[in-house]
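Asker: Following this message is one structure expressed as C-alpha cells.
The values are calculated or read from the model by the stated rules, or taken from the named source; none is laboratory data. Here the structure is a predicted model, which is why all the values come from computation and not from measurement. With ideal geometry, Cβ positions are generated from the backbone for all residues, glycine too; neighbour counts draw on all protein chains shown. Accessible surface areas use protein heavy atoms only, side chains included; no ligands, DNA or RNA. Shrake-Rupley method; radii C 1.70, N 1.55, O 1.52, S 1.80 Å.
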Amino acid sequence: MQVEERLDDVLSRIRQAETSANRKDGSVSLVAVSKTFAAEAIRPVIAAGQRVFGENRVQEAQGKWPALKTETPGIALHLIGPLQSNKAADAVALFDVIETIDREKIARALAAEMARQGKAVRLYVQVNTGLEPQKAGIAPEQTEAFVRLCRETIGIPIEGLMCIPPADENPGPHFALLARLAGRCGLDRLSMGMSGDFDVAVAFGATSVRVGSAIFGTR
Ligand SMILES: *Cc1c(COP(=O)(O)O)cnc(C)c1O
C-alpha cells in the first residue's frame, strides 16, 4: 500500500469508529505522527490533504518543518514528546500545539515565551495514567490542581489532556481515566490513541488521535 492509501484507510477507520460510538462525523481529528520520517516521506501525505502533524523532538522537527510549513500554508504542528525548558523558545516558535505540559517549570517557561514572541500556542497537559516512572506526564491525582495552577496562577489556557497508556496494558481503562479527569477539569479535548488502539480511543471520547506507523510505515 502507498502512503496515500494508508492515510485514507486510517481516516475511514476513524469515521467508522465515530459511527460505532454514536459520535458525530468529523468529531475526531487525525494527528499524523511523522517522527523519524524525512520531508520527502511527509510531502505525499500533505499532498493527499492531511494538515495536522505530530513530532516528538523539537530539534528533529526544526530540521524539516520550517520548509514544509512554508511550502504549504495551514499546517498545524503538534509537539507530542517531552519538552525541556531550554527548548521552550524553539518549541513556541515552531509548534502550533504543545501536548506535553506536565510540570510547573515548563508551564512557566511556555507562558514567558508565548508572551515574548506574541504567539498563542494551544496547550495540553500530559497525564501519566499508568504512573510509569520512565514516562512523562503528571500523576492522575495531581491533574486537577495542576490544570488550575496553569490557568489561574500562571495564566495559560489549557485546551485538553493527553496520555500514552502503558504499552503492555489494555488501553481502555487509561482512556476512560483521562476522560474522567478532563470532565473534572472542565476540559473537552482528549488526545489519546495511536496506531494500535485509536479506534478504542475514539470509543472512549478521543477528540484527536496520534497515528504514526499506520500511515508512514514502521520506524
Ligand atoms: C510515536 C508516537 C505516536 C504514534 O505512534 P504509532 O504507534 O506509530 O502510531 C503517538 N503518540 C506519541 C506521544 C508518540 O511518541
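Asker: Answer with yes or no whether M114 is within 14 Å of the ligand (Cβ to nearest atom), in contact with a helix residue (DSSP H, G or I) (Cβ under 8 Å, 6 or more places away or on another chain) and open to solvent by less than 30 Å² (accessible area, probe 1.4 Å).
Answerer: Taking the combined requirement at face value, the residue does not satisfy it.
Asker: Do you know which of the residues in region 188-219 that are more than 9 Å from the ligand (Cβ to nearest atom) and over 15 Å from the mean Cα position of the chain (by Cα) is nearest to R148 (Cα to Cα)?
Answerer: F204
Asker: For region 146-162, give me each residue that is within 16 Å of the ligand (Cβ to nearest atom) and either in contact (Cβ under 8 Å) with a residue 40 or more places away in the chain or surrounded by fewer than 18 Cβ atoms within 10 Å (Cβ to Cβ) (or both).
Answerer: Answer for region 146-162, where residues must be within 16 Å of the ligand (Cβ to nearest atom) and either in contact (Cβ under 8 Å) with a residue 40 or more places away in the chain or surrounded by fewer than 18 Cβ atoms within 10 Å (Cβ to Cβ) (or both): G160, M162.
Asker: Something else: Looking at L123, L181, L110, can you tell me which residue is part of a helix (DSSP H, G or I), at pLDDT 95 or above and either closer than 17 Å to V58 by Cβ or under 16 Å from the mean Cα position of the chain (by Cα) (or both)?
Answerer: L110
Asker: Let me ask another. Test R122 against the stated conditions and say whether it is open to solvent by 80 Å² or more (accessible area, probe 1.4 Å) and either touching a residue at least 24 places away in the same chain (Cβ under 8 Å) or within 13 Å of the ligand (Cβ to nearest atom) (or both).
Answerer: When the stated conditions are applied, R122 passes them.
Asker: Could you say which residue among R57, R51 is at pLDDT 95 or above, closer than 14 Å to S34 by Cβ and surrounded by fewer than 16 Cβ atoms within 10 Å (Cβ to Cβ)?
Answerer: That would be R51, the only listed residue that is at pLDDT 95 or above, closer than 14 Å to S34 by Cβ and surrounded by fewer than 16 Cβ atoms within 10 Å (Cβ to Cβ).
Asker: Here's a follow-up. Any chance region 52-60 includes a residue that's away from the ligand (no atom under 16 Å from the Cβ) and free of Cβ contacts under 8 Å to residues at least 60 places away in the same chain?
Answerer: There is no residue in region 52-60 that is away from the ligand (no atom under 16 Å from the Cβ) and free of Cβ contacts under 8 Å to residues at least 60 places away in the same chain.
Asker: Restrict the check to region 164-175 and report whether at least one residue is among the polar types (S, T, N, Q) and crowded, with 20+ Cβ neighbours inside 10 Å.
Answerer: Within region 164-175 (the criterion being among the polar types (S, T, N, Q) and crowded, with 20+ Cβ neighbours inside 10 Å), the answer is no, since none of the residues qualifies.
Asker: Hey, another quick one. Is it the case that A39 is more than 30 Å from L177 (Cβ to Cβ), small (G, A, S) and open to solvent by less than 20 Å² (accessible area, probe 1.4 Å)?
Answerer: Details: more than 30 Å from L177 (Cβ to Cβ): yes; small (G, A, S): yes; open to solvent by less than 20 Å² (accessible area, probe 1.4 Å): yes.
Yes; evaluated as a whole, the condition is true for this residue.
Asker: Any residue in region 35-51 that's more than 27 Å from P82 (Cβ to Cβ): show its pairings with residues that are open to solvent by less than 50 Å² (accessible area, probe 1.4 Å) at Cβ separation under 6 Å, as long as the two are six or more apart or on different chains.
Answerer: Sorted first by the residue in region 35-51, then by its partner, the pairs are P44/V3; A48/L7.
Asker: So D199 ticks every box in (1) free of Cβ contacts under 8 Å to residues at least 12 places away in the same chain; (2) closer than 24 Å to F37 by Cβ; (3) of a type in the set (D, E) but one. Which box is left unticked?
Answerer: Against the list (1) free of Cβ contacts under 8 Å to residues at least 12 places away in the same chain; (2) closer than 24 Å to F37 by Cβ; (3) of a type in the set (D, E), D199 comes up short only on (1).
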